[in-house]
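Structure, as structure tokens:
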Amino acid sequence: MTDLKLPPAPSLQGEKPTSVYYDGGQPLRCALSALSIPCNRPVLVLAGRAKAAMSERAEDAERILLDMAVASLCRDTEAVVISGGTNAGIMAVLGKSMADFAPDTVLVGVAPHLKLLGYGATEGDADAEHPEPRHRMIRTSGEAWGSEGPTLVRVAEGVAFAPLAEGVASERPIVMFVIGGGKGTAREIALAARRRWPVVLLNGCGGESEATAARLGLFEPKKKRPFAPKEKPASPEKQQANKELKQAGEHNCFISLPVCDGWEVERVLRWRLSDNWGLKEAWTRFAAADLRSKKSKPATMRLAKTVLLFAVATVLFSVLLALSAQQSSFAPWAGRWNVQLVSKLAITILPIAAALVLLLIERRSRSGTWIEHRVAAESILREIYRARAGSGVYAEASNRWSILSESVSRLDARLAGRVPARADCKFVDTWPPPRLHQRIPPADTLLGPLTAATYDAARVCNQLDFMEDKTRTNTRRATRLAAALFIASAIAATLLAVSWRWDAMFAAVPIIASVAAALVSWREYLHLDATSDSFRQTSVEVRKERGKWQSLAASERDGDAQLSIYVNSVEDALAAEGSGWERSLRRAQEDFVSQQKSGRT
């Protein structure tokens, strides 16, 4: 490694060197050390637009994305950001955003020495650029833009895969974030794909990020013009590059997101840059249990609709039996005896089948799938928020994430391992499970710092809206369903008593079955009505705790102690639905904490 001793670029780093020349002759760690670049950190590689013009709307969305999502992400995760480092395009916007919102973030630029003004570039070079002043520049020996790609990849790996001690290496996450870009960006994407790095491609800003997403089928571009010229056949090198991209895509290495959706972009980047595997696994298990409950519930509802259908059919066949007494009411080929026989068989079998289906519904509600998975999902979610806030048993724990992992394992054991974390959740290993985007409000970044205000917006308000809405809709639906079942069964029993002509012993069977179906359906209605009452009472308790929090002064709301109190009181109120599960979980946590303490002593 040699420094050409040319005048340095403008610097905000004081006396520290702002650039070094690296030609691969010496170990890369010497260049990193000379620029005081920290190692063993997560790495965000930013690639994309350098000079290409964008619409005003896209530029505004790009700036908001870097200000609100990327800057806060880097501030919280202490990630090192590596880019081209020039004072143009997305890299210039990045420097301003970090200066305003995350001034302590380390920015590293990798660019060809002969393309940097103030170093090796000449004033007449139209492609040359000034370095962005907040970047610590590593100047490479290439003569054209794009030649710095292999060095950029080595720098990212040098920061993330730094050795901690002799024989011990650290492997922190590396994510490539692509906004627009051209040919140089395409080469950097190819380098990341070969290493199976996660690559986040933004659409809505044009350039290579959209083109790559379109080739992978992740983004639908605008329709081509009717008379647009046909594309030339791809060269063998291009075909090989496309093959490598598709292979990486099969390993879930690519995801395409709209540039205007800052919430989802931040979630995805945080998920991949975080190595808190205990919390990520807990979120994954919650998503799987929640998804399984959503899949299982419709089966139970279909059974309830089947009972209603049986009851209505029983009434119709009873009316048909009564009308069959008049021969003139039917066609000549429909003999009176055949109609009566079929009707009698139907009104004998259908009520019995309805009663059996209702018993099956009762069985599923007690020991079946969707209710257990619903309770397990909510229990896991409560533990996640308690652990993130450090409340309850997590307050005094030396490693709260180990207790969280133990709690999730106990819940899974209670379900006998029936919550598959990876069978139902796509992209679990690489991206947040899709259910999280639908189930958790975007105000919660899942892995980011939790404040009382964030918890109130993402959890408390969401639960209040959910419970109050469910209380209204479930009460109406349960009332209509129970009333329909009861009326249908009562009419069937009445018509049976009037029209049945067999012996009393045979007539009693369908009558008893109809009455039993009505009684069981009424019991189901009472159960749903009690659930609605429970939701209503829980909503009152949660609103009371929220009122206490809101009555505090603004300076007191977001303190760590107040956050712990707020989370613990709200989660205790929400735990009323699964009290048996909660008691079992609390005992397991106490045993685990006791074992940890005894092990330390």
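The values are calculated or read from the model by the stated rules, or taken from the named source; none is laboratory data. Computed from a prediction, not measured in an experiment: that's the story for all the values here. No Cβ is skipped: glycine too gets one built from the backbone with ideal geometry, and neighbour counts run over all protein chains shown.
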Report summary line: Scanning segment 34-58 for residues that are modelled with pLDDT under 90 and assigned to a helix (DSSP H, G or I) gives E56, R57, A58
Query - Residues (of a type in the set (A, V, I, L, M, F, W, C), surrounded by fewer than 20 Cβ atoms within 10 Å (Cβ to Cβ) and at pLDDT 85 or above) located in segment 379-406 - result: W401
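Is it the case that some residue within segment 518-538 is under 23 Å from S391 (Cβ atoms), at pLDDT 85 or above and surrounded by fewer than 15 Cβ atoms within 10 Å (Cβ to Cβ)?
Here is the first cut: in segment 518-538, the residues under 23 Å from S391 (Cβ atoms) are 537-538.
Keeping just the survivors that are at pLDDT 85 or above gives none.
No, segment 518-538 contains no residue that is under 23 Å from S391 (Cβ atoms), at pLDDT 85 or above and surrounded by fewer than 15 Cβ atoms within 10 Å (Cβ to Cβ).
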Requested in this report: Tell me, yes or no, whether segment 124-139 has at least one residue that is closer than 21 Å to A79 by Cα, without any contact (Cβ under 8 Å) to a residue 12 or more places away in the chain and within 37 Å of the chain's Cα centre (by Cα).
Outcome: no
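Sort through T122, T105, T18 and tell me the only one that's over 20 Å from S147 (Cα atoms), modelled with pLDDT under 90 and of a type in the set (V, I, T). Can you show your working first?
Values: T122 fails: over 20 Å from S147 (Cα atoms); T105 fails: modelled with pLDDT under 90.
Result: T18 is the single residue among T122, T105, T18 that is over 20 Å from S147 (Cα atoms), modelled with pLDDT under 90 and of a type in the set (V, I, T).
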Query raised in the report: Looking at segment 59-177, what strands (runs of 3 or more DSSP E) fall wholly within it and have at least 2 residues that are touching a helix residue (DSSP H, G or I) at 6+ places or on another chain (Cβ under 9 Å) and either among the aliphatic types (A, V, I, L, M) or crowded, with 23+ Cβ neighbours inside 10 Å (or both)?
Result: 80-83, 107-112, 136-140
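Table: residues versus (1) in the same structural domain as E383 (by TED's automatic domain parsing); (2) modelled with pLDDT of 85 or more; (3) charged (D, E, K, R).
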site: E237; (1), (2), (3): no, no, yes
site: E244; (1), (2), (3): no, no, yes
site: W263; (1), (2), (3): no, yes, no
site: F286; (1), (2), (3): yes, yes, no
site: R292; (1), (2), (3): yes, no, yes
site: K297; (1), (2), (3): yes, no, yes
site: T300; (1), (2), (3): yes, no, no
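From the list G84, G142, G95, pick out the single residue that is modelled with pLDDT of 90 or more and within 20 Å of L191 (Cβ to Cβ).
G84
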Report summary line: Within segment 115-166, residues at positive phi and touching a Leu at 6+ places or on another chain (Cβ under 6 Å) come out as none
**Report entry** Complete set of residues in segment 157-184 that are over 27 Å from the mean Cα position of the chain (by Cα) and either modelled with pLDDT of 90 or more or not assigned by TED's automatic domain parsing to the domain that holds L32 (or both)
**Finding:** E157, G158, V159
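Looking only at segment 266-282, which residues are closer than 16 Å to P173 by Cβ, assigned to a helix (DSSP H, G or I) and in contact (Cβ under 8 Å) with a residue 40 or more places away in the chain? Before you say what the answer is, go through the steps one by one.
Here is the first cut: in segment 266-282, the residues closer than 16 Å to P173 by Cβ are 266-281.
Keeping just the survivors that are assigned to a helix (DSSP H, G or I) gives 266-273, 277-281.
Scanning segment 266-282 gives E266, R267, V268, L269, R270, W271, R272, L273, G278, L279, K280, E281.
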Query raised in the report: What are the residue pairs meeting all of these: first residue in segment 28-57, first residue more than 27 Å from P198 (Cβ to Cβ), second residue charged (D, E, K, R), Cβ atoms under 8 Å, and 6 or more apart or on different chains?
Result: S36/K16; S36/R136
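Show me the helices (runs of 4 or more DSSP H) entirely contained within segment 547-600 in which 1 or more residues are at pLDDT below 85, among the basic types (K, R) and loosely packed, with under 11 Cβ neighbours inside 10 Å. Talk me through it step by step, then tell me what you get.
Details: elements: 554-557, 560-574, 579-600.
Once the helices (runs of 4 or more DSSP H) in segment 547-600 are filtered for at least 1 residues that are at pLDDT below 85, among the basic types (K, R) and loosely packed, with under 11 Cβ neighbours inside 10 Å, what remains is 579-600.
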